[in-house]
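Read through the structure below, which is laid out as structure tokens, and then see the notes.
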Amino acid sequence: MEMRALGNTGLELSRLALGTMTWGRDTDEDEAADQLRSYLEAGGNFLDTAAIYGDGDSERVIGGFLGTLINRSDLLIATKGGLSYREGERRINNSRSTLLDDLDRSLARLGVDHIDLWQVHGWDENVPLEETLSALDFAVSSGRTRYIGLSNFRGWQLARAATLQNPIFGKSPIASIQSEYSLLNRDVENELLPAAQELAVGVLAWSPLGRGVLTGKYRNGMPSDSRGATPHFAEFIAPYMDSRSRTIVEAVCVAGEGLGYSPLEVALAWVRDAPGVTSSIVGARTGAQLRGVLTSEEITLPDPVRIALDEISTTYIN
């Protein structure tokens with residue numbers, strides 16, 4: 001699998017990252033182990049998780065594999081802090097104390113002494129950015145993490161954070177920004193991608209398959225075994241079940257038929273090779289599904305197909 005440098009750092013990530021949001025909940029340990037083996041055999045080296053995934057179970061599952069299924073030194077681990085759900089409500093708290101507590105709990109669940117990339121899970125309008133960034137600096141200086149990043153920040157928020165963290169001032173630089181990016185959601189192109197490229201910050205694309213919709217599995221309704229049919233993912237999938245998304249999905253399917261590729265391969269290759277993208281985070285419920293995703297490594301979209309998909313999906317940039 002092709003390796004790419006993360007922003008202006010010496011850290012090299014595989015251009016496909018393995019997402020673990022379902023591990024410990026929809027994906028049991030046996031299936032997770034099968035996924036990890038398939039991913040490693042394909043040449044991947046980058047695992048993405050978060051403190052909130054499965055209420056910490058994703059990190060616990062990963063921790064169980066380290067030293068048994070894989071050596072810690074062979075895998076780069078990214079996790080996130082600051083996000084929680086209380087009484088069914090999504091809450092962001094980027095205070096120094098909350099972030100560092102989250103980090104220590106992540107380290108304990110993973111059973112490691114450091115994270116390779118630790119990220120703030122979202123923007124917090126109630127906590128001064130300087131306080132949030134002080135937690136990131138301390139995490140690096142104390143050896144808890146090697147690199148720091150942000151997730152779900154807007155372009156101006158990234159620019160402000162990266163400016164405050166200029167290494168000229170003795171600060172730990174922002175290495176990455178993680179954001180949703182797919183043919184169904186190209187909002188990052190308006191502001192975030194240009195900012196990241198100007199600031200030499202790596203871009204990690206989450207949900208490059210449009211929350212699974214770009215696989216074409218929902219073309220004829222809601223499969224009973226799909227994420228969209230589960231209570232905790234139904235609302236997550238719903239925004240891309242409209243007529244506009246269906247038009248884009250149909251275009252992807254037509255392109256796939258013409259090239260002899262699956263819709264999944266077409267959609268993922270489009271994001272993976274988009275300008276500025278360092279790594280695309282892919283997840284699956286089963287090992288068989290992940291092996292299907294990994295076949296995208298074997299293809300490259302012809303320029304005319306990429307241009308056509310650009311034109312069709314541009315209509316839906318907000």
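Nothing in this text is a laboratory measurement; each read-out follows from the coordinates by a stated rule. These numbers come from a predicted model, not from an experiment. As a convention, Cβ positions derive from the backbone with ideal geometry for all residues, glycine included, and neighbour counts pool all protein chains shown.
Of the beta bridges in the chain, as assigned by DSSP with both residues counted there, near 20 percent are antiparallel.
Projected over every direction and averaged, the convex hull enclosing the alpha-carbon atoms of the chain yields 15.4 nm².
Note on R86 and E2: the extension gain reaches 26.3 nm, defined as 0.36 nm multiplied by sequence separation minus the Cα-Cα distance. Residues T9, T295, T22 in ascending order of nearby Cβ atoms (within 10 Å, fewest first): T295, T9, T22.
Averaging Cα coordinates gives a centre for the range 253-275 and one for the range 183-208; these two points are 19 Å apart. For the range 3-50, the extents of the C-alpha atoms along the principal axes are 36, 24, 11 Å, listed from largest to smallest. Along the axis of the charge dipole computed for the range 53-186 (Cβ charges of +1 for Lys and Arg, -1 for Asp and Glu, origin at the Cα centre), the listed residues Y53, S172, N94 are led at the positive end by S172. Panel order for K80, K171, by other beta carbons found within 10 Å of each beta carbon, from fewest to most: K171, K80. Taking the fewest neighbouring Cβ atoms within 10 Å as the starting point, the ordered list for R272, R37, R15 is R37, R15, R272.
Summary of the geometry: the range 1-28 and the range 37-64, compared by the centres of their Cα atoms, lie 9 Å apart. Magnitude of the charge dipole for the chain, about its Cα centre and with charges confined to Cβ atoms of Lys, Arg (+1) and Asp, Glu (-1), is about 200 debye. Taking the square roots of 5 times each eigenvalue of the Cα gyration tensor of the range 131-222, largest first, gives ellipsoid semi-axes of 32, 15, 9 Å. Basic side chains Lys and Arg get +1 at the Cβ, acidic Asp and Glu get -1 at the Cβ, and with that the dipole of the range 26-117 about its Cα centre reaches some 460 debye.
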